Amino acid sequence: MTATEMTTSQPDLAEKEERQQSVAGDAGPDSIPASVTATALCKEKHAAWSTLNSTLRAKEGSAAERLLGQKAQMSSFIFEAGLKLPRPEPLPEALSDEILLAATKDDGRDTTVCIRVRPVLPHEEAKGEYPVVIASNPGLNVHSMDFRWNGMSNIKTNKYEVDLAFGPEHDNDVVYNAVAKPLIPLVLSNGMGTLLAYGQTGSGKTYTMTSMQERIATDIFSLARQHRCARDPAYNGSDDTGFVFTLCFFELMGKQAFDLLDDRKSISILEDTFGAVQIVGARQEDVVDSTHFLELIERGSALRRTEATAKNETSSRSHAVCCIKVRNNELPEAEDGMLYLVDLAGSENNSDSSHHNRDRINETKEINKSLGTLKECIRNRSLVGLSNNHVHIPFRTSRLTLILKEAFDPLSTRQCRTTVIANVSPGILDAQQTLNTMRYIEPLRVTLPPQPTAVVDDQTNPATWTNAYLRKWILANYLGGRVDPNMLCPTESGKQLCRVPMGTFINRCMLCEGVDPRHAKELYLKLWNLLIDARTRNRNGPSKPAARIDADGARKASIRPAVPGRPKQLAVKQLKPGQFVALTPDAISDGKAPIVLLLEKRPDGAWVVADVVAAENDPDRYELLIADRWVAHTLLLKKLVELEYDRKSRYYILKNVV
Ligand SMILES: Nc1ncnc2c1ncn2[C@@H]1O[C@H](COP(=O)(O)OP(=O)(O)OP(=O)(O)O)[C@@H](O)[C@H]1O
């Protein structure tokens with residue numbers, strides 16, 4: 001107890017004793033009634049508590065001030081230390097071809113991870129802010145202060161590897177040509193391209209995304225014209241390119257979505273029974289030319305919700321999704337190409353959001369949660385090819401990842417490419433947030449093991465072909481090399497090309513001069529015949545005849561020789577598409593697919609089926625591999641089984657054997 005505390009507390013004690021005596025002692029005529037004394041005591045107690053509270057509050061206040069003072073000291077210390085850093089070397093303004101080639105090389109990955117460091121802004125420079133984030137391709141160096149437990153500190157350089165790093169010297173054209181422009185040909189040939197701008201609030205996401213949108217608005221029409229020119233020598237360069245572009249623009253805030261082309265009307269993001277994602281109620285505008293495209297983007301951007309944050313006066317507090325659908329009128333059966341341009345909401349850390357009210361704190365939590373799910377989906381999608389175990393991709397957890405589902409779905413038959421541009425502020429005061437951004441994006445860049453180049457397992461099985469062997473086969477096998485592999489399969493392996501739908505395949509072939517749809521279809525069927533032969537061989541053993549597909553598309557079943565006297569297993573007339581059927585034991589060659597899903601009955605009575613395999617970690621649950629199709633003779637089909645789809649685990653569960 002301190003001296004001052006002693007002086008204030010001793011009279012209190014004396015008074016208390018005196019009072020206790022008067023309450024407990026002889027109650028004389030002028031003594032205070034017990035009830036009155038109790039009230040007085042309560043009042044006094046209350047007064048003592050409030051004194052104590054105000055003393056504590058004063059102490060808290062001075063502690064907070066002291067903390068603020070320490071923080072200010074720390075900032076100036078960081079600035080001083082930053083000023084001692086060597087000035088970064090200016091980077092060349094254009095990225096060399098070598099760097100671009102290395103970043104876009106075919107290494108089997110569907111995701112490109114880039115970083116963009118914006119310049120120090122004039123108001124930051126006025127405050128003495130100093131750049132400590134330096135792009136040095138293909139990586140990034142972040143200098144940060146490292147504080148030790150003993151009070152010592154030094155400057156630490158954190159190195160990160162990315163596919164491409166853009167510095168303040170690189171303008172929007174350099175960024176666009178390297179990351180966004182390559183997505184347009186993919187989308188025109190029915191693929192799906194996704195461009196995501198990620199980063200801390202105020203790091204330049206909207207600046208980057210707006211400039212990408214402006215350039216895409218011009219180039220998508222000119223590239224469509226070029227495509228038409230290459231296909232049709234009689235084309236006169238008119239606006240009728242055969243492609244129809246439809247745009248919708250909306251923002252996502254937690255579980256809510258608002259249409260930015262229709263006065264922020266509330267819309268719904270739903271998955272239909274076929275698993276396709278529908279944006280219900282959103283206005284979809286057919287875009288006629290670049291001016292119209294830009295007008296729509298401007299209209300939508302003006303309606304985005306913004307709030308002031310610690311780092312940005314007009315921070316976007318939502319994910320803005322601009323979706324461009326490309327329909328090819330010449331090939332109506334092909335899937336529509338999709339281009340998603342997503343300006344993600346700015347990530348904020350705890351200190352940035354410390355002055356927010358409850359709603360804003362919840363909003364920040366929602367944003368960070370959806371960004372976490374996005375990261376998990378991108379990373380797990382890259383891990384699918386690396387692991388033998390089932391890799392869970394939680395794309396249904398947030399609306400954003402549900403919309404981009406196809407980019408993460410390993411069973412997607414479309415060619416997909418995702419590019420993430422992580423934006424960072426260059427200053428020393430943002431170094432911690434920059435490190436957080438790097439920690440977020442670094443795991444997205446999964447390095448795949450080197451693909452075998454010269455070794456082809458089985459020259460008669462396209463599923464085992466590398467891209468190099470596939471190219472060789474196309475050049476050697478088809479029309480004296482008229483189909484250009486750069487158009488048909490720039491990066492795909494044999495297995496990936498077999499997953500491309502027929503419409504898309506034909507569309508890609510027709511981009512080559514002198515190839516008509518009939519030739520393209522023949523090539524598609526030739527590849528599929530090889531694949532079906534190989535699959536059937538694997539299943540039935542080497543001596544069994546294989547399934548065939550005729551030029552008119554009709555499949556002939558692989559005929560498994562009937563075993564004499566074998567009892568009839570199943571009333572084949574009962575069979576309908578959509579039923580699950582267990583196979584006979586000798587049909588299950590490797591024990592992997594005990595059950596199949598009936599897809600389509602061929603004219604000769606055989607069935608096109610898809611494999612249903614037991615989950616790796618749970619033999620009672622099954623997974624449908626819709627892309628693994630083959631033709632099964634009815635003699636291979638043993639019993640009807642009932643499988644129930646469990647939405648929660650996304651597996652099928654065996655209910656009953658009929
Ligand atoms: N590469 C750049 N060159 C010049 N200025 C830039 C660059 N990147 C960003 N800026 C400027 O930085 C400021 C913040 O950028 P922007 O609004 O795009 O940030 P943001 O990441 O979208 O922020 P938020 O998430 O809060 O919306 C703007 O004034 C913008 O003009």
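The values are calculated or read from the model by the stated rules, or taken from the named source; none is laboratory data. All values reported here derive from a predicted model rather than from experimental measurement. Using ideal geometry, Cβ is built from the backbone for each residue, glycine included, and neighbour counts are taken over all protein chains shown. Note: accessible area is taken over every heavy atom of the protein model, side chains too, but ligands, DNA and RNA are not part of it. Shrake-Rupley method; radii C 1.70, N 1.55, O 1.52, S 1.80 Å.
Could you list, in sequence order, all residues of segment 177-190 that are out of contact with any Cys (no Cβ under 9 Å at 6 or more places or on another chain) and open to solvent by 10 Å² or more (accessible area, probe 1.4 Å)? Working first, answer last.
First pass over segment 177-190, keeping only residues out of contact with any Cys (no Cβ under 9 Å at 6 or more places or on another chain): 177, 180-185, 187-190.
Hits for segment 177-190 are Asn177, Lys181, Pro182, Pro185, Ser189.
Under 9 Å between Cβ atoms, which residue pairs at least 6 apart in sequence (or on different chains) link something in segment 362-385 that is at pLDDT 85 or above with a partner that is assigned to a helix (DSSP H, G or I) and exposed (fewer than 15 other Cβ atoms within 10 Å of the Cβ)?
These pairs meet every condition: Lys375/Pro443; Ile378/Pro443.
On the given criteria, is Ala320 surrounded by 22 or more Cβ atoms within 10 Å (Cβ to Cβ), part of a loop (DSSP other than H, G, I, E, B) and modelled with pLDDT of 85 or more? Walk me through how you get there before you give the answer.
Values: surrounded by 22 or more Cβ atoms within 10 Å (Cβ to Cβ): yes; part of a loop (DSSP other than H, G, I, E, B): no; modelled with pLDDT of 85 or more: yes.
Against the criterion (surrounded by 22 or more Cβ atoms within 10 Å (Cβ to Cβ), part of a loop (DSSP other than H, G, I, E, B) and modelled with pLDDT of 85 or more), Ala320 does not qualify.
Can you pull out every residue in segment 191-212 that is small (Gly, Ala, Ser) and open to solvent by less than 10 Å² (accessible area, probe 1.4 Å)?
Start the filter on segment 191-212 by keeping residues that are small (Gly, Ala, Ser), which leaves 191, 193, 197, 199, 202-204, 211.
Those that are small (Gly, Ala, Ser) and open to solvent by less than 10 Å² (accessible area, probe 1.4 Å): Gly191, Gly193, Ala197, Gly199, Ser203, Ser211.
Can you pull out the helices (runs of 4 or more DSSP H) entirely within segment 387-471 that have at least 3 residues that are open to solvent by 30 Å² or more (accessible area, probe 1.4 Å) and at pLDDT 80 or above? Please lay out each step first, then the result.
Details: elements: 399-403, 405-408, 431-441.
Qualifying helices (runs of 4 or more DSSP H): 431-441.
Could you figure out which of (1) more than 16 Å from the ligand (Cβ to nearest atom); (2) assigned to a helix (DSSP H, G or I); (3) open to solvent by 10 Å² or more (accessible area, probe 1.4 Å); (4) not small (Gly, Ala, Ser) isn't true of Met145?
Exception for Met145: condition (2).
Here is a yes/no grid of residues against (1) out of contact with any Pro (no Cβ under 8 Å at 6 or more places or on another chain); (2) within 16 Å of the ligand (Cβ to nearest atom); (3) among the aliphatic types (A, V, I, L, M); (4) at pLDDT 90 or above:
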position: Leu195; (1), (2), (3), (4): yes, yes, yes, yes
position: Gly199; (1), (2), (3), (4): yes, yes, no, yes
position: Gly204; (1), (2), (3), (4): yes, yes, no, yes
position: Met209; (1), (2), (3), (4): yes, yes, yes, yes
position: Gln213; (1), (2), (3), (4): yes, yes, no, yes
position: Ile220; (1), (2), (3), (4): yes, no, yes, yes
position: Leu223; (1), (2), (3), (4): no, no, yes, no
position: Gln226; (1), (2), (3), (4): yes, no, no, no
position: Asp232; (1), (2), (3), (4): yes, no, no, no
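Residues Phe249, Phe166, Phe258: which one is open to solvent by 10 Å² or more (accessible area, probe 1.4 Å) and more than 18 Å from Ala407 (Cα to Cα)? Give the derivation first.
Details: Phe249 fails: open to solvent by 10 Å² or more (accessible area, probe 1.4 Å); Phe166 fails: open to solvent by 10 Å² or more (accessible area, probe 1.4 Å).
Result: Phe258 is the single residue among Phe249, Phe166, Phe258 that is open to solvent by 10 Å² or more (accessible area, probe 1.4 Å) and more than 18 Å from Ala407 (Cα to Cα).
Consider Asp604 against the criteria (1) in a loop (DSSP other than H, G, I, E, B); (2) at pLDDT below 65; (3) open to solvent by 40 Å² or more (accessible area, probe 1.4 Å): it satisfies all of them except one. Which criterion is unmet?
Just one mismatch for Asp604, condition (2).
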